1. What FRET efficiency, computed as 1/(1 + (r/R0)^6) with R0 = 30 Å and r the Cβ-Cβ distance, is obtained for LEU93 and ASN306, rounded to the nearest 0.05?
2. May I ask you to give the percent of accessible area on the chain that is carbon plus sulfur, with a probe radius of 1.4 Å?
3. Who wins for biggest fluctuation among ASN149, ASN296, ASN207 in a Gaussian network model of the chain, springs between alpha carbons below 10 Å?
4. In debye, nearest 20: dipole of the stretch 187-299 around its Cα centre with unit charges on the Cβ of K, R (+) and D, E (-)?
5. Just how large is the dipole of the chain about the Cα centre, in debye to the nearest 20, putting +1 at every Lys and Arg Cβ and -1 at every Asp and Glu Cβ?
6. Taking 7 Å along the Cα-to-C-beta vector as the label spot, tell me the ARG299-GLU39 distance in nanometres, rounded to one decimal.
7. Between ARG181 and LYS273, what is the label-point separation in nm under the 7 Å Cα-to-beta-carbon projection?
8. Given a 10 angstrom Cα cut-off, can you work out which residue in GLY293, GLY43, GLY266 is the most mobile in a GNM of the chain?
Amino acid sequence: GSSSFLTNLLSLLKNSSSPSSHFLPAETAVWNQVSAVLEEAHGILAELQSYNGAGQEIREAIQNPGDLALQEKAWNAVCPLVAKLKRFYEFSLRLENALRSLLEALTSPPYAPMQHLEREQALAKQFAEILHFTLSFDELKMTNPAIQNDFSYYRRTISRNRLNNQQLEAENEVNNEMANRMSLFYAEATPMLKTLSNATTKFVSENKTLPIEDTTDCLSTMACVCRVMLETPEYRCRFTNTDTMLFCMRVMVGVIILYDHVHPVGAFAKTSKIDMKGCIKVLKEQPSNSVEGLLNALRYTTRHLNDDSTSKQIRALLQ
């Protein structure tokens, strides 16, 4: 049952696992696809972490509109940053494809979600790692106002110069349509999570023959595993470092949000298979600087938090 699954998952969190011998060729293909994406994810996070923005240059250019040297300086500072933002956005599309492949593998008949998670632990771990990356990315993005500043400056400059300088567009590979899509992406409080939520919703609506429970049970099981690991002293004492704690918390919040998007009544209703009170309590026990971003994700990226069916108690916990 679930306790052996927990122990297995714990050991999984510690060791990186490769496809096990009973993997079908299709599952190995999925594992390889997701592996490549996850490998890239580390670099993406590092780039986002060191993203400082061109606030200074932009301010000077705006304050001195007649000074062409300052305009040029701001433009030259912003362009490489926009190239980064485009890379992040394009990565979100690859991440979305990886998630879809994993969902297909983890919900395919004839196995129940729990059996899937046990049979394909390497895939379950990859799913967890995608969520971990997603929440890490969004926590960094939420606290970095430079991203939207830089991008809107870039867009304003392009539309201002479109008439007198046709070259801009060619140099920067971010054409208008791409800029529109990027704009919508970065306008989200949690852009990566929103991408994955939409992808999961789409996955469920396209797979009409698949019982919706197959997807939601897979998610609620993972939420439960994370919660139990976080609140049970005997498991917690095995977490040698805060990284493992954070990993569990991010995965838990990630699956809650996906569940809330996919399940008809969401994660907060009494009938939900996720113990929301327990999950929020576990988060609230941590130092606030490590969980504020996660609580914000629950506040701003869920669909059903403000439904009438959500108990006042849960809403109060998230105030």
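1. Working: r = 30 Å, r/R0 = 0.99.
Computed FRET efficiency for LEU93 and ASN306: 0.50.
2. Numbers: 7780 of 14930 Å².
Exposed carbon and sulfur together represent 52 percent of the surface.
3. Judging by the Gaussian network model, the answer is ASN207.
4. Details: 13 positive and 12 negative charges, 39 e Å.
Approximately 180 debye in magnitude.
5. Working: 32 positive and 35 negative charges, 137 e Å.
That gives the chain a dipole magnitude of about 660 debye.
6. Modelled inter-label distance: 4.0 nm.
7. 3.4
8. Result: GLY43 has the largest fluctuation of those listed.
The values are calculated or read from the model by the stated rules, or taken from the named source; none is laboratory data. Remember, it's a predicted structure, so these values are computed and weren't measured experimentally. So basically every Cβ, Gly included, is an ideal-geometry build from the backbone, and we count neighbours across all protein chains shown. Note: areas computed on protein heavy atoms with side chains; ligands, DNA, RNA excluded. Shrake-Rupley method; radii C 1.70, N 1.55, O 1.52, S 1.80 Å.
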